[in-house]
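First up is the structure itself, then whatever we jot down about it.
Only the coordinates and a few stated rules stand behind these numbers; no lab work does. Computed from a predicted model, the values in this text were never measured in an experiment. All Cβ positions, even for glycine, are placed from backbone atoms using ideal geometry, and neighbour counts span all protein chains on display.
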């Protein structure tokens, strides 16, 4: 199966795609109304606009460095998952999305990096918790959020994972405990983004790692913007050997052209196998 991830409503009904994800809230903080004809997708704790308006929302490390897009290793600003008002707002967005379409995709969950968060709220809650281990406490925060969000989703719960299947890395980096959240997730999505896909061995390496890590089905998302069609198609063929589906991100026209070429080649009897 092939799908698309887009911000453009008119692309949701294109017949080349078996599934469509519609970004109703992205990492810039831009938000729009959910739609009924696609899986609505919500950036949970990535939000430039919220952090710019209220800098105190950003997670901070022990040395006081805020997780904002001004830092060299962040492409966008984050909100601390323990900010209750913001978190409640995200859960309300999940409810609204599920009212439009019963399937919902949760994006950008978790803490931004291993050194976060040491804001006053996190320090107080960790001290008052039953946990002695800080990483275990962080993981409980994220697992609780995923469970609360999934409870509001009557259909399939999709969840995006950072593309690092090495054992323990998601737990250490983001506070994502795979075993704890898997009961609440119907399908994971792993973005494997590249600007060219001139080589694909790394796609196989990462995808096979997730195949070993997860009991739950997962799909692979590829970046389709300005990528050569043949290279994009080859990357899709590699990803398709591992994932339930392959999704193309943010250039539906290029993705459609690739799928049309795939269909034409199949009709001509050409094999694209490895």
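For a bin width of 5 Å, list the pair-distance distribution of segment 79-198 built from all Cα-Cα distances, rounded to whole %.
2, 11, 20, 22, 19, 14, 8, 3, 1, 0, 0
Using the basic label-point model (7 angstrom from Cα toward the beta carbon), what is the residue 147 to residue 135 distance in nanometres?
Inter-label distance under the simple model: 2.1 nm.
If I stretch the segment between residue 63 and residue 121 completely, what's the gain in nm (0.36 nm per residue apart, minus their alpha carbon distance), one decimal?
Length difference between fully extended and current span is 19.3 nm.
Tally the DSSP beta bridges in the chain and give the antiparallel ones as a percent, rounded to 5.
If we restrict to bridges inside the chain, about 10 percent are antiparallel.
How far, in degrees from 0 to 90, does helix 84-100 lean away from the longest principal axis of the Cα atoms of the chain, to the nearest 10?
30
Which distance in nm do the two modelled labels at residue 33 and residue 225 give, with both placed 7 Å along the Cα-to-Cβ direction?
2.7
Can you give the angle from 0 to 90° between the axis of helix 134-151 and the longest principal axis of the chain, with both taken from C-alpha atoms, to the nearest 10?
Relative to the chain, helix 134-151 is tipped by roughly 60 degrees.
Label point 7 Å out from residue 100 along Cα-to-Cβ: which residues of segment 136-165 have amide N under 13 Å?
Of the residues in segment 136-165, none has backbone N under 13 Å from the label point off residue 100.
So what's the angle, to the nearest 10 degrees on a 0 to 90 scale, between helix 229-240 and the longest Cα principal axis of the chain?
For helix 229-240, the angle is close to 70 degrees.
Take every DSSP beta bridge with both residues inside segment 117-274 and express the antiparallel ones as a percent of the total, to the nearest 5.
0
What are the principal axis extents of the Cα atoms in segment 1-80, in Å, biggest first?
Over segment 1-80, Cα extents along the principal axes are 51, 23, 15 Å.
Over 5 Å intervals from 0, what percent of Cα-Cα pairs in segment 191-230 sits in each interval?
Here the calculated profile for segment 191-230 is 6, 22, 28, 21, 13, 8, 3.
What's the exposure ranking of 107, 240, going from fewest to most Cβ atoms within 10 Å?
By the 10 Å Cβ count, ascending, the order reads 240, 107.
Going by how many other Cβ atoms sit within 10 Å of their own, how do 166, 193, 171 line up, fewest first?
With the sparsest Cβ surroundings first, the list reads 166, 193, 171.
To the nearest 0.05, what FRET efficiency results for residue 202 and residue 128 with a Förster distance of 30 Å applied to their C-beta separation?
0.10
So how far, in whole Å, is the C-alpha centre of segment 28-78 from the one of segment 200-261?
Between the Cα centre of segment 28-78 and that of segment 200-261, the gap is 26 Å.
So, R0 is 41 Å and r is the distance between the beta-carbons of residue 71 and residue 263; what FRET efficiency does that work out to, to 0.05?
So, using R0 = 41 Å, E works out to roughly 0.40.
Using only C-alpha positions, report the orientation-averaged shadow area of the convex hull of segment 170-266, nm², one decimal.
Averaging across all directions leaves 6.7 nm² for the Cα convex hull.
Relative contact order for the chain: what is it in percent, counting Cα pairs under 8 Å that are at least 6 residues apart?
17
Which value in deg cm²/dmol, rounded to the nearest 500, describes the helix-derived mean residue ellipticity at 222 nm for the chain, given -39,500 (n - 2.57) per DSSP H run of n ≥ 4 and division by the residue count?
Mean residue ellipticity at 222 nm (helix-derived): -11000 deg cm²/dmol.
Can you work out the FRET efficiency for the pair residue 212 and residue 53, with r the C-beta to C-beta distance and R0 = 35 Å, to the nearest 0.05?
Given R0 = 35 Å and the Cβ-Cβ separation, E is 0.25.
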